[in-house]
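The values are calculated or read from the model by the stated rules, or taken from the named source; none is laboratory data. Quick caveat, the model's predicted, so the values are computed rather than measured. Cβ atoms come from the backbone with ideal geometry, glycine included; neighbour counts cover every protein chain shown. Keep in mind that these areas ignore ligands, DNA and RNA; they rest on the heavy atoms of the full protein, side chains included. Shrake-Rupley method; radii C 1.70, N 1.55, O 1.52, S 1.80 Å.
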Amino acid sequence: MSAPAHDPSSAAPALRPATIAVTAGRPPHEPDEPLNVPITMTSTYGATGDLEYGRFGNPTWSAFEETLGALEGGRALAFASGMAAVTTILDLVGIGGSVIAPRHAYNGSVAALADAESRGRLRASLVDTSDTAAVIAALRADEDCALLWLESPTNPALEVADIPALVAAAHELGIRVVVDNTFATPLLQQPLSLGADIVVHSATKYIAGHSDVLMGAIVVADEEVYGALKGRRDLAGAVPGPFETWLALRGLRTLPVRLERAAANAAELARRLADHPAVEEVRYPGFGAIVAPVLAGGADAGDFLVRATSLWVHATSLGGVESTFERRRRWKLEPATIPDGLVRLSVGIEDVEDLWHDLKQALDRINA
Ligand SMILES: *Cc1c(COP(=O)(O)O)cnc(C)c1O
């Protein structure tokens, strides 16, 4: 007896993100087909086809790109790291063009802008992107502006930008808009659907999600921009390894459940931290899994906290299943507008009671 035909077109509703994360980018459901895309370790392909050479394409990349693209609502390109993706986008800005960017963007992005500026490649102005009127004024005042760079929420100040309002103002002036969506992930914010032109990710963080791989990605809606960025990737060669890409795709499959748990833990910790006397202020945008308490005791209190826990790991980076934290101003590059006592918590998926117990015993001892 033949199997009943499955007709996916029979007025099925559009798939929801948690389903897309699991099902997109799979081999066809056929006898003896593997369920998972294989790790294709090859530097070249039999001529003459579409792929030709390992720097131009790889079937494992394609599976990752199909899945992330479906979640963000565009076409994705995989990169060797978030910074490889960031600098590829900056390369689209013509010589002497200007970029307006958040003063509290990821410090690597700010450093890449400063480096390009120091070489006369472009001009960069840093603004408070949570101040919509100020950003719009800056866009209007800058005749050479080619790119509005947004990151929302920002790392680590957790400021949120009004993406639709800023996109409308930028597009009126013919300025392209990029959103670094690393903190929100496509599950909490889809910038392309809010009108942005380009989305960039450090897939190292929530997408891969296990603190074991470096990767980046760009997602775009427009075919011409896709072609320009793919051309830059082919030439600059900052491509990921097939194994790293397979790990990132494996991570992406469980992003919805990881993020749901981490975000619930973060909301609970934000609430409890706000009531602790050692905490002056809690930065928390109301979604996502990053919480940044500012300690009343400043740098000393922050440095004490990160050494006084047993579960929380003192380490940079974020978005893994395990909870990590660091006092951001320990980095020389961190701007002075970030408070000395700000500790960025990357909340993981452990039991929230254990996380709180570990944090609280350390906070209780700060002034003792
Ligand atoms: C980590 C990070 C980056 C850089 O990504 P890498 O994978 O470390 O190169 C860019 N943007 C944000 C918001 C980040 O957190």
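What tally of residues in segment 99-129 results from selecting those that are open to solvent by less than 50 Å² (accessible area, probe 1.4 Å), without any contact (Cβ under 8 Å) to a residue 40 or more places away in the chain and of a type in the set (S, T, Y)?
2
Which members of segment 151-178 meet the condition of being touching a Gly at 6+ places or on another chain (Cβ under 8 Å) and more than 21 Å from H201 (Cα to Cα)?
A168, H171
Tell me, yes or no, whether segment 146-156 has at least one residue that is of a type in the set (V, I, T) and over 14 Å from the mean Cα position of the chain (by Cα).
Within segment 146-156, none of the residues are of a type in the set (V, I, T) and over 14 Å from the mean Cα position of the chain (by Cα).
Which one of the conditions (1) in a loop (DSSP other than H, G, I, E, B); (2) buried (at least 19 other Cβ atoms within 10 Å of the Cβ); (3) not small (G, A, S) does F56 fail to meet, given that it meets all the rest?
All conditions pass for F56, except number (2).
From the set of residues in segment 207-220 that are open to solvent by 10 Å² or more (accessible area, probe 1.4 Å) and near the ligand (Cβ under 10 Å from one of its atoms), which is nearest to A133 (Cα to Cα)?
Only one residue tops the list, namely L214.
For (1) within 15 Å of L252 (Cβ to Cβ); (2) touching a residue at least 24 places away in the same chain (Cβ under 8 Å), each residue gets a yes or a no:
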position: A14; (1), (2): no, no
position: I20; (1), (2): yes, yes
position: G25; (1), (2): yes, yes
position: P31; (1), (2): no, no
position: M41; (1), (2): no, yes
position: Y45; (1), (2): no, no
position: G57; (1), (2): no, no
position: T60; (1), (2): yes, yes
position: F64; (1), (2): yes, yes
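Exactly one condition in (1) surrounded by fewer than 23 Cβ atoms within 10 Å (Cβ to Cβ); (2) over 23 Å from L255 (Cα atoms) is false for T316; which is it?
It fails just one condition, (2).
Need the failing condition index for G237 against (1) open to solvent by 60 Å² or more (accessible area, probe 1.4 Å); (2) within 16 Å of the ligand (Cβ to nearest atom), just the number.
Every listed condition holds for G237 apart from (1).
Of all the residues that make up segment 100-155, how many are of a type in the set (K, R) and touching a strand residue (DSSP E or B) at 6+ places or on another chain (Cβ under 7 Å)?
2
Identify, by number, the condition in (1) more than 27 Å from E326 (Cα to Cα); (2) open to solvent by less than 60 Å² (accessible area, probe 1.4 Å) that F243 doesn't meet.
(2)
Failed condition for T182, given (1) within 21 Å of L92 (Cα to Cα); (2) out of contact with any His (no Cβ under 6 Å at 6 or more places or on another chain); (3) among the hydroxyl-bearing types (S, T, Y); (4) in a loop (DSSP other than H, G, I, E, B), with all others met?
Condition (2) is where T182 drops out.
Can you tell me which condition E280 does not meet? The list is (1) more than 29 Å from T129 (Cβ to Cβ); (2) open to solvent by 50 Å² or more (accessible area, probe 1.4 Å), and all the others hold.
Going through (1) more than 29 Å from T129 (Cβ to Cβ); (2) open to solvent by 50 Å² or more (accessible area, probe 1.4 Å) one by one, E280 breaks only (1).
Taking segment 304-318 as the region of interest, how many residues are within 14 Å of the ligand (Cβ to nearest atom) and touching a strand residue (DSSP E or B) at 6+ places or on another chain (Cβ under 6 Å)?
Result for segment 304-318: 3.
Would you confirm whether any residue within segment 179-202 is more than 16 Å from the ligand (Cβ to nearest atom), surrounded by fewer than 24 Cβ atoms within 10 Å (Cβ to Cβ) and at positive phi?
There is at least one residue in segment 179-202 that is more than 16 Å from the ligand (Cβ to nearest atom), surrounded by fewer than 24 Cβ atoms within 10 Å (Cβ to Cβ) and at positive phi.
Quick check on segment 263-273. Is at least one of its residues modelled with pLDDT of 95 or more and within 16 Å of the ligand (Cβ to nearest atom)?
The answer is yes; a qualifying residue exists.
Take V321 and decide whether it is hydrophobic (A, V, I, L, M, F, W, C), assigned to a loop (DSSP other than H, G, I, E, B) and under 28 Å from A203 (Cβ atoms).
yes
Restricting segment 1-45 to residues that are open to solvent by less than 70 Å² (accessible area, probe 1.4 Å) and over 29 Å from the mean Cα position of the chain (by Cα), which is modelled with the lowest pLDDT?
A12
Pull out all pairs, ordered by first then second residue, where Cβ-Cβ is under 7 Å, the residues are six or more apart or on different chains, the first lies in segment 81-98 and is in the same structural domain as G216 (by TED's automatic domain parsing), and the second is in a helix (DSSP H, G or I) and open to solvent by 40 Å² or more (accessible area, probe 1.4 Å).
What qualifies is T88/R232; T88/A236; D91/R232; L92/A228.
Test each condition in (1) away from the ligand (no atom under 16 Å from the Cβ); (2) farther than 22 Å from A70 by Cα; (3) among the polar types (S, T, N, Q) for N155 and report the one that comes out false.
(1)
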